[in-house]
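The values are calculated or read from the model by the stated rules, or taken from the named source; none is laboratory data. Just so it is clear, the structure is predicted and the values come from calculations on it, not from any experiment. Counting neighbours? That spans all protein chains shown, and the Cβs are built from the backbone with ideal geometry, glycine included. Quick note on the areas: whole protein, heavy atoms, side chains included, nothing else; ligands and nucleic acids left out. Shrake-Rupley method; radii C 1.70, N 1.55, O 1.52, S 1.80 Å.
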Amino acid sequence: RQMDRHVWTNEETETFVGFMEELVSEGRIADAGQFKPGSFEKLAAKMNERFPGGGFQISHCKNKIKRLKEKYQFAADMAACSGFGWDDVKQCVVVDNKEILAAYMK
């Protein structure tokens, strides 16, 4: 059976990250950096309240966090390499020249 998928909009993603920040500030993160039990239920409920008809499920929230972590790790690894940097204004990784990028992509 194919898993029920949700295609996230930018607005949903930004709202979701804000809700995650709220949970962290409420102390709902465990020592290992994982959310405490009940947190995913709370995230799904907050998303459904903010986006009526969105049909957010716990699995959607867990998958979104997994994807966000993967994207963060990729960007952090790239930014740590020589010739790469971080643009605070654009909120993205930048590279000095095309040769450095080509070498990295190999």
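One table, with the values for the structure above:
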| quantity | calculated |
| --- | --- |
| Pairs with Cβ under 7 Å, 6+ apart, first in region 63-80 and closer than 23 Å to Ser39 by Cβ, second at pLDDT 90 or above | Lys64/Trp8; Lys64/Phe16 |
| Matching residues in region 47-56 - criterion: being open to solvent by 40 Å² or more (accessible area, probe 1.4 Å) and under 18 Å from Leu68 (Cα atoms) | none |
| Test: residue in region 32-39 that is in contact with a strand residue (DSSP E or B) (Cβ under 9 Å, 6 or more places away or on another chain), open to solvent by 70 Å² or more (accessible area, probe 1.4 Å), hydrophobic (A, V, I, L, M, F, W, C) and more than 26 Å from Val7 (Cβ to Cβ) | no |
| Considering residues of region 70-101 that are among the aliphatic types (A, V, I, L, M) and within 18 Å of Glu14 (Cβ to Cβ) only, the residue nearest to the chain's Cα centre (by Cα) | Ala75 |
| Single residue of region 24-46 satisfying the filter (assigned to a loop (DSSP other than H, G, I, E, B) and out of contact with any Lys or Arg (no Cβ under 7 Å at 6 or more places or on another chain)) that is nearest to Lys64 (Cα to Cα) | Gln34 |
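Per-residue answers, yes or no, for (1) part of a helix (DSSP H, G or I); (2) open to solvent by less than 50 Å² (accessible area, probe 1.4 Å):
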site: Glu14; (1), (2): yes, no
site: Gly18; (1), (2): yes, yes
site: Glu22; (1), (2): yes, no
site: Lys64; (1), (2): yes, yes
site: Phe74; (1), (2): yes, no
site: Val89; (1), (2): no, no
